[in-house]
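The structure appears below as structure tokens.
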Number of protein chains: 2
Amino acid sequence: MATIKDVARAAGVSTATVSYVLNDSAPVSPTTRERVLAAAQQLNYQPNQLARNLQNQRSTTLALVLPPFEPEIDLGGLLRACVARATQAGYAVLVTALASDQSLAELAQRTLERGMAAGCILLQPHGADQPLNGPCVWATWPPHGTHAPAVVCDGALAAQRAVHAFQRSGRQRIGLVLAATTAGAARWYLGYRRALKAGRLPFDPELVVQSDTDDLAAGHAAGEALFAGAPLCDAVIVAGGALAVGVQQAHLRASAHAESLQLIAGFDTPLVAGAGLSALVWPVERWGQLLVEQLLNLLNGHTPPQRTCLEPSLIVRST
Amino acid sequence: MATIKDVARAAGVSTATVSYVLNDSAPVSPTTRERVLAAAQQLNYQPNQLARNLQNQRSTTLALVLPPFEPEIDLGGLLRACVARATQAGYAVLVTALASDQSLAELAQRTLERGMAAGCILLQPHGADQPLNGPCVWATWPPHGTHAPAVVCDGALAAQRAVHAFQRSGRQRIGLVLAATTAGAARWYLGYRRALKAGRLPFDPELVVQSDTDDLAAGHAAGEALFAGAPLCDAVIVAGGALAVGVQQAHLRASAHAESLQLIAGFDTPLVAGAGLSALVWPVERWGQLLVEQLLNLLNGHTPPQRTCLEPSLIVRST
DNA sequence: TATACTTACTTAAACGTTTAAGTAACCTGT
DNA sequence: ACAGGTTACTTAAACGTTTAAGTAAGTATA
């Protein structure tokens, strides 16, 4: 691997001049510039990023911190979007995962302090016990009292949109199923209550079910709880993927007239699509893009940190 | 951020001694060792990885190179497995994506030459026009003539397993649907032919359909081609995820007696699961783990590079 | 014609590590 | 008592960059 010294020697100049040419950070005569570029090309010179970052005291890498559990989101799509936007800005993306015994703050902090990344994108709100002070952007609602920027998929908007859709097709008794792993479950609830009030629908606490996890089994349980009551609900919004499919299956089992239930899944996972459920689609591509852009902004100090809410769109499917 | 100099000053020793203590690469007296460790702890010292890697002339990062299209595999799961195993070995994982105009070799080579990673895990066989000579491990069948190690999900094994399962339940006319994006499509075909021969079943070229992409629409087209012929096939193995669901839908549309078709999807994506299709499950966790281990082996030169085939297991679902 | 300014480069220090080579102090065996 | 060896440290160079400071020309100004 050729170094800057090799290029300098080949071009008959000092390493400084080579650096000036490559970064054009100082005026260089056209003839010299050409000699340097030719030498670099001929030696197939690639600047060493480690040395660059060490010298510049800033890494050109962004870290993506994965939660220990599988999130509802399309991780592959989000990753791809982040990588695309970061690459465009000359940054690379590092992925780190939380060990079960590790706190989020600890991992993020260490990644930053070791110089392995210039900033972090945090995919989960859990485990942020200690306050963490490096440049970080949250992909979910950050812990209370945090001033860090965030780009979130807002559950409140999701719930409102779903309730409106239900009401437009004449549904009156609308249920809500949440999971403990749902990012910003409180927001879903808030949007649900708001939309009910705005639509002049009564609120019945029995129509709200809190689940533990986001999987089929939990959906079955939630469905049983939901469809046990006497006045059946005729529409359900489920803040989950597999969870929604589980609720659907529970309903099919409990009731013969399956078409009397409208169901909207909060996240359009392939599982949900395969089951033919209507679902909310979040703009993953834009999400990743905005997360990276917010982080770059934070690093460059161009604009003050801010929070962005992404809106879902509704995709209607008929089973 | 505290540096090794700060620790040295605080402990009253030279930076060399601090380094010796932290890496225990040289004998240090117990009292000094303790003083150094105390100072490091108190200053919350984290060694700078950039400087370390620069000095040691080897990065502690592994690069995962994503293909430009969405693969059939569970990217999130694979990523998680790679990160887990790499972290365990003291390595980090960098993700890079191929731009559409870029060759695989170019990207991998540059990533290595810039010192951003010590080795690459390549998720796709396409675009490897130039030979690439850095330490790389393939996650699919590498281009011909390559001696690099690989850990692949073998389509031949998959096809054989599926044909056996079909034959056991009395099916005779077994179809095969491939996609251009299928990694190692030739292997699927090979296994299919072998299993037919082993099972003394006749080979009918009309029962093999080659598709372009792996999505629902392509599945519809493949299904129409497959079910147009006079002697209907009674079982199909589809080397894809969405593709399989498409074939299923085409069959439902074409024929009233839907239960007369057995179908096995080559990859158990959530979409396939949601559609209730039987499918082949690949051990993603082990895949990622082995990929990383092979790469580390290659870097350390412990064992010679080798190829590993992973076997799928069959998960049977009834619609 | 001496002076100041510009241009195009070079020299050398710095970033935070690791490690070979150097150096005191102490122990050992004759 | 003195060579030879061990132990526990320090000094300084190196990894591949960037960049402030220095310098030697050429060019404009008075």
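The values are calculated or read from the model by the stated rules, or taken from the named source; none is laboratory data. Since this is a predicted model, take the numbers as computed values, not measurements. Glycine gets a Cβ as well: all are built from the backbone with ideal geometry, and neighbour counts include every protein chain shown. Please note that ligands, DNA and RNA were not included when accessible areas were found on the heavy atoms of the full protein model with its side chains. Shrake-Rupley method; radii C 1.70, N 1.55, O 1.52, S 1.80 Å.
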**Study point:** Residues within segment A:1-19 that are near DNA strand C (Cβ under 7 Å from one of its atoms), assigned to a helix (DSSP H, G or I) and surrounded by 17 or more Cβ atoms within 10 Å (Cβ to Cβ), tallied
**Key:** 1
**Study point:** Tally, over segment B:22-36, of residues that are under 28 Å from residue A:117 (Cα atoms) and either more than 9 Å from DNA strand C (Cβ to nearest atom) or touching a strand residue (DSSP E or B) at 6+ places or on another chain (Cβ under 6 Å) (or both)
**Key:** 2
**Study point:** Every residue from segment A:255-273 that is open to solvent by 20 Å² or more (accessible area, probe 1.4 Å) and assigned to a helix (DSSP H, G or I)
**Key:** A:258, A:259, A:260, A:270, A:271, A:273
Review point. Applying the selection to segment A:289-301, what residues are open to solvent by less than 40 Å² (accessible area, probe 1.4 Å) and hydrophobic (A, V, I, L, M, F, W, C)?
Key: A:290, A:291, A:292, A:295, A:296
Study note, to complete from the structure: Those residues of segment A:1-19 that are more than 10 Å from DNA strand D (Cβ to nearest atom) and either at negative phi or within 14 Å of another protein chain (Cβ to nearest Cβ) (or both) come to a total of 4
Check your understanding: Looking only at segment B:20-50, which residues are open to solvent by less than 40 Å² (accessible area, probe 1.4 Å), part of a helix (DSSP H, G or I) and within 10 Å of DNA strand D (Cβ to nearest atom)?
Key -> B:21, B:32, B:36, B:50
Point to revise | Which numbered condition residue B:304 fails, given (1) open to solvent by 40 Å² or more (accessible area, probe 1.4 Å); (2) at pLDDT 85 or above | key: (2)
Review point. Given the conditions (1) touching a residue at least 12 places away in the same chain (Cβ under 8 Å); (2) open to solvent by 30 Å² or more (accessible area, probe 1.4 Å); (3) away from DNA strand D (no atom under 13 Å from the Cβ), which single one is not true for residue A:82?
Key: (2)
Review point. Is at least one residue of segment B:100-112 at the interface with chain A (Cβ under 7 Å from one of its Cβ atoms), free of Cβ contacts under 8 Å to residues at least 60 places away in the same chain and away from DNA strand C (no atom under 16 Å from the Cβ)?
Key: yes
**Study point:** The one condition in (1) within 16 Å of DNA strand C (Cβ to nearest atom); (2) facing another protein chain (nearest Cβ under 10 Å) that residue A:39 fails to fulfil
**Key:** (2)
Check your understanding: From the list B:63, B:97, B:86, which residue is in contact with a Ser or Thr (Cβ under 8 Å, 6 or more places away or on another chain), within 10 Å of chain A (Cβ to nearest Cβ) and modelled with pLDDT of 95 or more?
Key -> B:63
Check your understanding: Restricting attention to segment A:222-244, does a residue exist that is among the small types (Gly, Ala, Ser) and not assigned by TED's automatic domain parsing to the domain that holds residue A:182?
Key -> no
Exercise for review: Identify all residues within segment A:51-60 that are at the interface with another protein chain (Cβ under 8 Å from one of its Cβ atoms), touching a residue at least 24 places away in the same chain (Cβ under 8 Å) and surrounded by fewer than 23 Cβ atoms within 10 Å (Cβ to Cβ); write none if there are none.
Suggested key: A:54
**Study point:** Close pairs from segment A:9-23: first within 15 Å of residue A:43 (Cα to Cα) and free of Cβ contacts under 8 Å to residues at least 24 places away in the same chain, partner part of a helix (DSSP H, G or I) and more than 8 Å from DNA strand C (Cβ to nearest atom), Cβ under 6 Å, at least 6 apart
**Key:** A:15/A:4; A:15/A:5; A:18/A:4; A:18/A:7; A:18/A:36
Point to revise | Residues located in segment B:274-295, provided they are within 23 Å of residue B:151 (Cβ to Cβ), without any contact (Cβ under 8 Å) to a residue 40 or more places away in the chain, within 13 Å of another protein chain (Cβ to nearest Cβ) and outside any strand (DSSP E or B) | key: none
